[in-house]
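The structure under discussion appears below in the form of structure tokens.
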Amino acid sequence: MPPKNPLGMRCGLLVFALALSSVVGLDHAVAATVSTAPVGNPSGFVIRRGTNLSHWLSQDFGWQPRSQWITENDFVFLARVGFDHVRLPVDEKELWREDGSPNEEAMALMLKALGWARANHLRVIVDLHTVRAHHFNAANEGGHNTLFADPKAQAGFLDLWRQLSARLHDQPVSDVAYEIMNEPVADNPEDWNRLVAAAHAMIRQLEPDRVLVIGSNRWQIPQTLPQLKVPAGDRNIILSTHTYSPLLFTHYTANWVQTKIYTGPVHYPGPVVTREAYEGLMRQIQGNQTDLIANARDDWGPARIFQELEPAIRRAKELGLQLYCGEFGCLPTVPRTDRLAYYHDLISTMENNGMAWANWEYKGDFGIFEWHGAKLTTGAPDMDLIATLLAGAKK
């Protein structure tokens, strides 16, 4: 998955009472569009539409005290407008100190979040987002992942889940699921498959009925899901995929990708850029990141989005398991109408194919609040975007 900008994620929820009052008239209209068709598993963990509570217990850059960054009001708001779950990223460095001792303040906030969610009838996926031995964007941030080469790091990873299970095992299996790890990046997909098998076996000894969310190697992109070896005979598994395609559109002018140098027009639907613009960009970046932006010349629309997701959709159907898109998003730097059209077509394609989803993200430059980039803050809820996300599949 493309990296997320640490400078582009700051947001402050302004007067929340105003935000809530602005949606009182919308919640019934949005809720009326939500299908009641169940999507789930034997444990009763049913999800359809969610969002990521980013930059709180994961990738926390200290813009606000944690006690203020996410509060109970956020859960009230999300339930009111029509979301049914949240994906809660957590990082090793946020929940555990360097010496391995737990950060009890952060642990307490995680448990508070689960209580707030339950009080508002929201389910939660606790996502182990990054660990000290693995970061999804290490290659682009000067880091080095050791998780797949170091048995000690792998043992430490499993121990993190033992500790999380010890704190969370009494949470109802119908309300809380675990995502084993976000966006693994192993040179060999079998390295990730072996770690999945070990984590699955260990967690199943502790919690036989907990729903586990598992994604594939190489940033959980749809094309690699067929390489994932899914533990056999376990119906309490949700398969996860992520998509940010086409990158040149969704990450237009993002300062953490090399294509930031392109500031010409971009569009959706259809080709993101003209052939001349694409060839000029490729000359400038000397062919780097070709694999990420080559699809910018494709004819983007519902058919092309389905093509992007099809390997994951097909694999989930073969296994008879729920498919979940745990991350997707588009920056507000693109034309407004094009951005909303992209979200509409992506949501419609996912829901028409039985996929649950959580957009990236709740607050931040990809978020569902107005983003004031120069000030690195959020404004009012973006009600057009929220309505687009929750409008449901195209009939």
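The values are calculated or read from the model by the stated rules, or taken from the named source; none is laboratory data. Predicted model, so just to flag it, every value in this text is computed and none were measured. Glycine gets a Cβ as well: all are built from the backbone with ideal geometry, and neighbour counts include every protein chain shown. The accessibility values were calculated without ligands, DNA or RNA, using every heavy atom of the protein model including side chains. Shrake-Rupley method; radii C 1.70, N 1.55, O 1.52, S 1.80 Å.
Applying 1/(1 + (r/R0)^6) with R0 = 35 Å to the Cβ-Cβ distance of residue 223 and residue 337, what FRET efficiency is obtained, to the nearest 0.05? Let's see the in-between values first.
Details: r = 29 Å, r/R0 = 0.83.
Efficiency at R0 = 35 Å is approximately 0.75.
Lysine pairs, Cα distance under 28 Å, 8 or more residues apart or cross-chain: how many in the chain?
Counting lysine pairs in the chain gives 19.
Taking 0.36 nm per intervening residue step and subtracting the Cα-Cα distance, what contour gain separates residue 71 from residue 149 on full extension? All intermediate terms of the calculation are to be shown ahead of the outcome.
On the way: separation 78, 0.36 × 78 = 28.08 nm, distance 3.88 nm.
24.2 nm is the gain from fully extending residue 71 to residue 149.
With n ≥ 4 as the cut-off for DSSP H runs, can you work out [θ] at 222 nm for the chain, using -39500 (n - 2.57) per run divided by the number of residues, rounded to the nearest 500?
On the way: 14 runs with 144 residues, N = 395.
Value at 222 nm, helices only, nearest 500: -11000 deg cm²/dmol.
Quick one: dipole size for the range 39-193, taken about the Cα centre, charges +1 on Lys/Arg Cβ and -1 on Asp/Glu Cβ, in debye to the nearest 20.
Value, rounded to 20: 620 debye.
What net charge is computed for the residues neighbouring residue 49, neighbours being all others with C-beta under 13 Å from the C-beta of residue 49, Lys and Arg scored +1, Asp and Glu -1? Let's see the in-between values first.
Working: positive: 48, 87, 123; negative: 84, 351.
Net charge in that neighbourhood comes out at +1.
Taking amide H positions as placed in the peptide plane 1.01 Å from N, state which residues far from residue 96 in sequence (5 or more) or on other chains have amide H under 5 Å from it.
103
Could you work out which residue, out of 151, 184, 42, moves most in a Gaussian network model of the chain, that is, has the largest mean-square fluctuation with Cα springs under 10 Å?
Greatest mean-square fluctuation among the candidates belongs to 151.
Multiply the residue separation of residue 111 and residue 276 by 0.36 nm, subtract the distance between their alpha-carbon atoms, and state the gained length in nm to one decimal. Walk me through the numbers on the way to the answer.
Working: separation 165, 0.36 × 165 = 59.40 nm, distance 5.28 nm.
Full extension of this stretch gives 54.1 nm more.
What number comes out for the charge environment of residue 270, summing +1 per Lys or Arg and -1 per Asp or Glu over other residues with Cβ under 11 Å away?
Values: positive: 297, 304; negative: 298, 299, 338.
Here the charged neighbours net out to -1.
What shape does the range 257-395 have by the C-alpha gyration tensor, where a ≥ b ≥ c are the square roots of the eigenvalues, rounded means a/c under 1.5, and otherwise prolate means a/b greater than b/c and oblate the rest? Walk me through the numbers on the way to the answer.
Values: a/c = 1.89, a/b = 1.16, b/c = 1.63.
The shape class here is oblate.
Relative contact order for the chain: what is it in percent, counting Cα pairs under 8 Å that are at least 6 residues apart?
Relative contact order here is 21 percent.
Net charge around residue 384, counting only other residues with Cβ within less than 12 Å of its Cβ (Lys, Arg = +1; Asp, Glu = -1)?
On the way: positive: 336, 339; negative: 370, 382.
Local net charge: 0.
When ligands, DNA and RNA are left out and all protein chains stay put, how many square angstrom of accessible area per residue does the range 141-181 have with a 1.4 Å probe?
On the way: 1920 Å² over 41 residues.
Heavy-atom SASA per residue in the range 141-181 reads 47 Å².
With +1 on the Cβ of every Lys and Arg and -1 on the Cβ of every Asp and Glu, and nothing else charged, how large is the dipole of the chain about its Cα centre, in debye rounded to the nearest 20? Each step should come with its number before you reach the end.
On the way: 36 positive and 43 negative charges, 91 e Å.
I would put it at about 440 debye.
With a 1.4 Å probe and all protein chains left in place, how much of the accessible area of the chain comes from carbon and sulfur atoms, in whole percent?
Details: 8360 of 15520 Å².
The C+S portion of the solvent-accessible surface of the chain is 54 percent.
Relative contact order for the range 155-273: what is it in percent, counting Cα pairs under 8 Å that are at least 6 residues apart?
Values: 134 pairs, mean separation 24.9, N = 119.
Averaging sequence separation for qualifying contacts and normalising by length gives 21 percent for the range 155-273.
Rounded, prolate or oblate: which fits the chain when a ≥ b ≥ c are the square roots of the eigenvalues of the alpha-carbon gyration tensor, with rounded for a/c under 1.5 and prolate only if a/b beats b/c? Let's see the in-between values first.
Details: a/c = 1.33, a/b = 1.15, b/c = 1.15.
Verdict is rounded for the chain.
Expected output is a single nm value to one decimal: the length gained when fully extending between residue 204 and residue 290, i.e. 0.36 nm times separation in residues minus the C-alpha distance. What is it? Show your work: numbers first, answer last.
Details: separation 86, 0.36 × 86 = 30.96 nm, distance 4.08 nm.
Here the answer is 26.9 nm.
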